[in-house]
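A short worksheet on the structure shown next.
The values are calculated or read from the model by the stated rules, or taken from the named source; none is laboratory data. Quick caveat: nothing in here was measured; it's all calculated off a predicted structure. So basically every Cβ, Gly included, is an ideal-geometry build from the backbone, and we count neighbours across all protein chains shown. Calculation scope for accessible area: heavy atoms of the full protein, side chains included, ligands and nucleic acids excluded. Shrake-Rupley method; radii C 1.70, N 1.55, O 1.52, S 1.80 Å.
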Amino acid sequence: MQGMKLHRVYACESQPVVVEGLKKVLGASGEFEFCGAAANTAEGVAEVRLLKPDLVLIDQAFGLRSAFQLAAEIREVSPATHAILWTHEIGEMESLRALQAGIRGIVRRNQPVSTLLECLRSVISGAIWMESSLSRLATGYASRRSAPRFTPREREIVELVCRGFKNRQIAEALSITPGTVKVHLMHIFEKAGVRDRFELALQGARLTKDLEQPLGEPEPVEGS
């Protein structure tokens, strides 16, 4: 649609032919635009610092450890940029480590274009996107409890956690103290039936949907 804002995608990709194909796919999507690529991680970090893309696709061919480190460095130089791991195959434990490292999406390279675009759309909306066994794991977490009923402030904090914000960033965004954020998170973890912010983010898609349900009774917290 004319005038629609296009989301900018950068690729840390070692294969030039793949870069060309990605450029064409994104150009035809009407939602995304290709803004550059790097064949090594050092160049990728430097260009992300300058370009500030919305999304970065990271080729697993760099090695998982390097991919995880790259995701962390991207967060440092461009906090609003979300990293997606583009992989041939990855196990459940490696997938969990990827999410813990700050990667917001995991998609296999042999999937159709529609799946890649679905992943990009989901991550740009603030959700975590993944496939296969890890998705089933997330579903298992979600089924442990009925839908939580959050206060307005808790809703805001859940949304920011699912977008990758740390406590200090949440406090700044909501004009409250980091201590108040911690108190709210304790209540949120209890309501959602999760142990930590990682499990909370892992349930991001379900919780985002649940946020549309009626509110529970407000729970005032000092300093909020």
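Out of contact with any strand residue (DSSP E or B) (no Cβ under 6 Å at 6 or more places or on another chain) and farther than 24 Å from Ala201 by Cα - does that describe any residue in the stretch 89-108?
The answer is no, given that none of the residues of the stretch 89-108 is out of contact with any strand residue (DSSP E or B) (no Cβ under 6 Å at 6 or more places or on another chain) and farther than 24 Å from Ala201 by Cα.
Within the stretch 137-160, can one find any residue that is open to solvent by 20 Å² or more (accessible area, probe 1.4 Å), under 18 Å from Gln100 (Cα atoms) and at pLDDT 55 or above?
Scanning the stretch 137-160, I find at least one residue that is open to solvent by 20 Å² or more (accessible area, probe 1.4 Å), under 18 Å from Gln100 (Cα atoms) and at pLDDT 55 or above, so the answer is yes.
For the stretch 80-108, name all the residues that are touching a His at 6+ places or on another chain (Cβ under 8 Å) and in contact (Cβ under 8 Å) with a residue 24 or more places away in the chain.
Result: Arg104, Gly105.
Here is a list: Ala11, Ala72. Which entry is under 24 Å from Ile128 (Cβ atoms), small (Gly, Ala, Ser), modelled with pLDDT under 95 and under 19 Å from the mean Cα position of the chain (by Cα)?
Ala72
Select from the stretch 45-66 the residues that are open to solvent by less than 50 Å² (accessible area, probe 1.4 Å) and within 23 Å of Arg121 (Cα to Cα) and list them in ascending order.
Within the stretch 45-66, Val45, Val48, Pro53, Asp54, Leu55, Val56, Leu57, Ile58, Asp59, Gln60 meet the criteria.
Answer yes if at least one residue in the stretch 121-128 is surrounded by 19 or more Cβ atoms within 10 Å (Cβ to Cβ), at pLDDT 70 or above, assigned to a helix (DSSP H, G or I) and among the small types (Gly, Ala, Ser), and no otherwise.
Taking every residue of the stretch 121-128 in turn, at least one turns out to be surrounded by 19 or more Cβ atoms within 10 Å (Cβ to Cβ), at pLDDT 70 or above, assigned to a helix (DSSP H, G or I) and among the small types (Gly, Ala, Ser).
Being over 21 Å from Phe165 (Cα atoms) and loosely packed, with under 15 Cβ neighbours inside 10 Å narrows it down to one of Ala72, Ala42, so name that one.
So the residue among Ala72, Ala42 that is over 21 Å from Phe165 (Cα atoms) and loosely packed, with under 15 Cβ neighbours inside 10 Å is Ala42.
Which is at pLDDT 60 or above, out of contact with any helix residue (DSSP H, G or I) (no Cβ under 7 Å at 6 or more places or on another chain) and of a type in the set (D, E, K, R), of Glu199, Glu212, Glu190?
Result of the check over Glu199, Glu212, Glu190: Glu190.
Being open to solvent by 10 Å² or more (accessible area, probe 1.4 Å) and in contact with a helix residue (DSSP H, G or I) (Cβ under 9 Å, 6 or more places away or on another chain) is the requirement here; does Pro79 meet it?
The answer is yes for Pro79.
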